[in-house]
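Down below is the structure, laid out as structure tokens.
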Amino acid sequence: MYTCEKSRLDENLMEAVELGENEKVQVFNNTDGAVLETYAIAGGSGVICLTGAAARRAQPGDVVIIIAYASVENDMAQEFTPAVAVHDRQNCIQQMLSSEPASTTLE
């Protein structure tokens, strides 16, 4: 994550996890424990950037988890498969998972 003029997310990431423009997301900062809600705006390649009030909850280089939720009917919940994108430190997708293991990190 780094400082930029407006909050943005990598367009490839948004496409890979089917995250829509302006969709509400939660951001969990693994570095300092902050949690915030904001919305997704497509940006350039490798970009994960917060601005405004959200920027006060994270610093460049912080490790964050970005989560979007889906509401589905009970009968569809059994068939629903989440999309989990695991990134490296340069925000490049390293793995796509259909569930999140207890500890999903790359070192």
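A short reminder: the numbers here are calculations on the coordinates, not readings from a lab. Just so we're clear, the structure is a prediction, and the values are computed from it rather than from any experiment. No Cβ is skipped: glycine too gets one built from the backbone with ideal geometry, and neighbour counts run over all protein chains shown.
Which number do you get for Rg(Cα) / (2.2 N^0.38 Å) in the chain?
Scaled against compact globular proteins, the figure is 1.07.
To the nearest 20 Debye, how big is the dipole of the chain about its Cα centre, given +1 on the beta carbon of each Lys and Arg and -1 on that of each Asp and Glu? Please list the in-between numbers first.
On the way: 6 positive and 16 negative charges, 104 e Å.
In total the dipole reaches around 500 debye.
Which GluC sites (Glu not before Pro) in the range 1-100 sit in a loop by DSSP (not H, G, I, E or B) and have at most 12 other Cβ atoms within 10 Å of their own Cβ? Before the final figure, lay out the partial values.
Working: sites: Glu5, Glu11, Glu15, Glu18, Glu21, Glu23, Glu37, Glu73, Glu79; in loops: Glu5, Glu18, Glu21, Glu23, Glu73, Glu79.
Loop-located and lightly packed - Glu5, Glu18, Glu21, Glu73, Glu79.
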* For the range 61-81 and the range 43-57, compute the distance between their C-alpha centroids and round to whole Å. => 21
* To do: Averaging sequence separations of C-alpha pairs under 8 Å and six or more residues apart, then dividing by the length of the chain, give the relative contact order as a whole percent.
  => 29
* **Interchain or long-range residues, amide H under 5 Å from Val64's placed H** => Asn30
* Asked: What does the charge count near Arg57 come to, summing +1 for each Lys or Arg and -1 for each Asp or Glu among other residues with Cβ under 12 Å from its Cβ?
  -> -2
* Structure fact -> Residue-ordered couplings for the range 59-68, obtained by feeding phi - 60° into the Karplus form 6.51 cos²θ - 1.76 cosθ + 1.60 and rounding to whole Hz (Gly and Pro as x), are 10, x, x, 5, 8, 10, 10, 10, 10, 10
